[in-house]
There are 2 protein chains.
Amino acid sequence: MIDISELNFQQADFWSKLSELLAWEGVSDAAIADTVRNILADVKQRGDQAVVEYSQRFDRVKATAMTELEIPLERAAAALESIPAAQRQALEKAAERVRQYHEHQKQESWHYVEADGTLLGQQVTPLDRAGLYVPGGKAAYPSSVLMNAIPAKVAGVQELIMVVPTPDDEVNDLVLAAAAIAGVDRIFAIGGAQAVAALAYGTETIPQVDKIVGPGNIFVATAKGMVFGTVGIDMIAGPSEILVICDGKTDPDWIAMDLFSQAEHDEDAQSILISPDADFLQKVKQSIARLLPTMERKAIIETSLNNRGTMILVNDMQQAVEVCNFIAPEHLELSVDEPMEMAKQIRHAGAIFMGRYTPEALGDYCAGPNHVLPTSRTARFSSPLGVYDFQKRSSLIQVSPQGAQSLGQVASVLARGESLTAHARSAEYRLQEK
Amino acid sequence: MIDISELNFQQADFWSKLSELLAWEGVSDAAIADTVRNILADVKQRGDQAVVEYSQRFDRVKATAMTELEIPLERAAAALESIPAAQRQALEKAAERVRQYHEHQKQESWHYVEADGTLLGQQVTPLDRAGLYVPGGKAAYPSSVLMNAIPAKVAGVQELIMVVPTPDDEVNDLVLAAAAIAGVDRIFAIGGAQAVAALAYGTETIPQVDKIVGPGNIFVATAKGMVFGTVGIDMIAGPSEILVICDGKTDPDWIAMDLFSQAEHDEDAQSILISPDADFLQKVKQSIARLLPTMERKAIIETSLNNRGTMILVNDMQQAVEVCNFIAPEHLELSVDEPMEMAKQIRHAGAIFMGRYTPEALGDYCAGPNHVLPTSRTARFSSPLGVYDFQKRSSLIQVSPQGAQSLGQVASVLARGESLTAHARSAEYRLQEK
């Protein structure tokens, strides 16, 4: 039975209740950390052999050598041929739109030259090599392959290496098809902390990458946290969330289904609805009660809504914006008349879905923007996965002999103020009149 | 006595010797981690009172309440008035140039509209509030205040909160003067893990920030690592490094001093020189031997060069570039005739200093680009600190009723392929013909 909580902006303890509801602590388990630390050290030292052994143990694969665990690109191409035409077309259409959108994110090198001939700028280059972790089994999402791989390829990453565990040697054809469409360069049938270690340190067969992206279970997340610094990593994601702000004029069934679409991910997912219309909130509740029994994943949806969902009544849209900026949601739906005006007041959100015809699901699959988004209030300081995550910058500085005179004076004074006299003298050498 | 190591690209074990030389493992001490974890939990729970007690214990401050540990902005303004005119002018000149350069990094929101009226884009917003950690005592560098604070202000961060420990209540006027110039909004005389905790969680007096930047000792670095996720953090820096590539035509004294300028930072700093000219390498060695006794920080320089410095002989500049791209240095000097051409072949470097008149020291202080740069080979995947570190993005998606038809079909197929039927039905609701 649905018993979704209700909050009212007017109530005295509103903010503390809201904070409680949002609170989320990732699992932090010393035993998991120890296990992962050992696997990382073992793979670092023994390479391929260790990865093969862990894959035998955890994924029950039959392979006895790393080379048997590489999935040839021909196998992925064959998977693309083998899937139903409708799925192939949908994947290709989604990939095309994601690519188009991400082309807009590409950053270019720039520089400018000052009056004395001094050149300053920034050179933008792609990462050489990236690793893409794809979960195996039930949570294997082909859309996730597209969303993680395409930004890397748009950035110009030369070699994109995908790892995907194949428990009992079972391969997911949709995932392979998506890899073929996205242009993944090599695929290994490995997973867990051992796959993260292989990508981070390299083995005889698997080249070391510069950054590892993609979702995974707690072992994968812990391993990514531990190899950070040796390689780059993307954000470690918490449970998925949606915040819907509605003026009360959208079909309540539509809004209920939008809340379900988040809640169905897992029991910890969070769906929140804000409206200034108390009647509308009740109507959505009725829609939820009526629609829930028809849902394939009703048990998950029910638990998620009961544990972490809420309906928030506000006086006006200004309060709705205020609450939203506190929550900094991963997904924000503005189901209102003038969503673009409202979006300008949103300071923190992973993705903003505007208008009644933009359910989050469109963004999850094929609108174009990335579906890898900051969760758990981290939109306060972080961004959707993008091309910029696969590019980096080098400062460019070419000081002219003339520029070295004025800059050398300044540097000399400041360096001596910090007692760094080699710095000062290095600048002073370039002064014409010493 | 200087006994700097020498490598030759020709030798069979060149790459393994180079790897050994570059290897760096940050201190990872379980006792430090425990101490820091306790301080974080304590500050999270007890707020101001805990911060004051730790400051009394570790920094021997006399204050008994948090309010006494706030340094008023008037005090910083007074410091700016009190420092020598030459230092003030140098700081102001440096700040102006840093601000000008960083203005070029500012990212703007963008969007485009498709034929069917669907709007896609990205909204770029500044972080609300940032925390800037400044080390106290000897390592208090006013240049570091400018380099960390100015990008935040250029990004549009509304509130920039600086923390700087004041052991025995000793305040550094140059640091306060730099804070005044950079436009820091509030200053607290606290440091260590307790300051990181206060910024990450907020206390009665200190507001919670969204990101913490700035260098610190091992306690500060450990604390930053632990609060990551609650707030954003910048990279955790390893020892500073310079790689100089020289064709042999620069004054060897200049190059020796450039190597010193890195080595003088600390015993773990790393200075590497690459040249195809064996005679030149020997001349630089002679310069080093001659100049070292004249250096104020000669003990540090000597230890650093002997432990971690090296001279690498290559056959040609192509090999020099290859070695550089492996090292991915924090600072790269191209002391050659056509540095801009060579820079185009550099795939990984924090900052590239081009030409004989661009010693690294100019970039450290006043050329304009940031001196906070990726160390320990992390330039393979990360960038100089910049305005982009204080901005974040929200995807913008407004699907038109017409667009919802074609996108809805695609999303429906893909969602059903992933067994996420609430996603599918949420998209299908927006189809006109259901």
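Listed values, structure above:
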{"item": "Among the candidates A:Ile312, A:Ile327, A:Ile346, A:Ile352, residue that is open to solvent by less than 20 Å² (accessible area, probe 1.4 Å) and within 20 Å of B:Ala427 (Cα to Cα)", "result": "A:Ile352"}
{"item": "Spans of strands (runs of 3 or more DSSP E) in the range B:303-378 with at least 3 residues facing chain A (nearest Cβ under 7 Å) and not charged (D, E, K, R)", "result": "B:351-354"}
{"item": "Residue list for the range A:289-302, filter: part of a helix (DSSP H, G or I) and not aliphatic (A, V, I, L, M)", "result": "A:Arg290, A:Pro293, A:Thr294, A:Lys298, A:Glu302"}
{"item": "When residues of the range A:229-240 are limited to those that are at the interface with chain B (Cβ under 9 Å from one of its Cβ atoms) and open to solvent by 50 Å² or more (accessible area, probe 1.4 Å), the one nearest to the chain's Cα centre (by Cα)", "result": "A:Met235"}
{"item": "The one condition in (1) under 30 Å from A:Ser143 (Cα atoms); (2) of a type in the set (Gly, Ala, Ser); (3) more than 7 Å from chain B (Cβ to nearest Cβ) that A:Gly403 fails to fulfil", "result": "(1)"}
{"item": "Cross-chain or 6+ apart pairs with Cβ under 9 Å, the range B:304-318 first and over 10 Å from B:Leu259 (Cβ atoms) and in contact (Cβ under 8 Å) with a residue 12 or more places away in the chain, then of a type in the set (Phe, Trp, Tyr) and open to solvent by 40 Å² or more (accessible area, probe 1.4 Å)", "result": "B:Arg308/B:Trp24"}
{"item": "Qualifying residue in the range B:217-224 (condition: buried (at least 24 other Cβ atoms within 10 Å of the Cβ) and in contact with a His (Cβ under 8 Å, 6 or more places away or on another chain))", "result": "no"}
{"item": "Residue check for B:Ile32: part of a helix (DSSP H, G or I), open to solvent by less than 50 Å² (accessible area, probe 1.4 Å) and touching a Ser or Thr at 6+ places or on another chain (Cβ under 8 Å)", "result": "yes"}
{"item": "Residues satisfying the stated conditions in the range A:271-280, i.e. open to solvent by less than 10 Å² (accessible area, probe 1.4 Å) and part of a helix (DSSP H, G or I)", "result": "A:Phe280"}
{"item": "Unique match (being open to solvent by less than 20 Å² (accessible area, probe 1.4 Å) and either within 11 Å of chain B (Cβ to nearest Cβ) or within 20 Å of A:Ile190 (Cα to Cα) (or both)) among A:Leu259, A:Leu243", "result": "A:Leu259"}
{"item": "Residues satisfying the stated conditions in the range A:399-412, i.e. out of contact with any His (no Cβ under 9 Å at 6 or more places or on another chain) and not aliphatic (A, V, I, L, M)", "result": "A:Ser400, A:Pro401, A:Gln402, A:Gly403, A:Gln405, A:Ser406, A:Gly408, A:Gln409"}
{"item": "Residues being within 15 Å of B:Glu241 (Cβ to Cβ) and not small (Gly, Ala, Ser) - total across the range B:347-358", "result": "3"}
{"item": "Qualifying positions in the range B:411-430 - within 13 Å of A:Tyr365 (Cβ to Cβ), open to solvent by 20 Å² or more (accessible area, probe 1.4 Å) and at the interface with chain A (Cβ under 7 Å from one of its Cβ atoms)", "result": "B:Val413, B:Gly417"}
{"item": "Filter result (farther than 30 Å from A:Ser240 by Cα and open to solvent by 60 Å² or more (accessible area, probe 1.4 Å)) within the range A:39-59", "result": "A:Lys44, A:Gln45, A:Arg46, A:Gln49, A:Glu53, A:Gln56, A:Arg57"}
{"item": "Residue check for B:Leu80: crowded, with 18+ Cβ neighbours inside 10 Å, closer than 30 Å to B:Phe280 by Cβ and touching a Lys or Arg at 6+ places or on another chain (Cβ under 9 Å)", "result": "no"}
{"item": "Considering residues of the range B:141-193 that are closer than 17 Å to B:Leu80 by Cα and of a type in the set (S, T, N, Q) only, the residue surrounded by the most Cβ atoms within 10 Å (Cβ to Cβ)", "result": "B:Ser143"}
{"item": "Selected residue (only one of B:Arg97, B:Arg88 is within 13 Å of chain A (Cβ to nearest Cβ), assigned to a helix (DSSP H, G or I) and open to solvent by 30 Å² or more (accessible area, probe 1.4 Å))", "result": "B:Arg88"}
{"item": "Any hit, the range B:380-391, residues being within 7 Å of chain A (Cβ to nearest Cβ), not in a loop (DSSP other than H, G, I, E, B) and not charged (D, E, K, R)", "result": "no"}
{"item": "The range B:106-121, residues that are open to solvent by less than 30 Å² (accessible area, probe 1.4 Å) and more than 7 Å from chain A (Cβ to nearest Cβ)", "result": "B:Thr118, B:Leu119, B:Gly121"}
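The values are calculated or read from the model by the stated rules, or taken from the named source; none is laboratory data. Note that the structure is predicted; figures quoted are calculated from it, not measured. Here Cβ is always computed from backbone atoms with ideal geometry, including for glycine, and neighbour counts include all displayed protein chains. Just the protein is used for accessible areas: all its heavy atoms, side chains included, with ligands, DNA and RNA removed. Shrake-Rupley method; radii C 1.70, N 1.55, O 1.52, S 1.80 Å.
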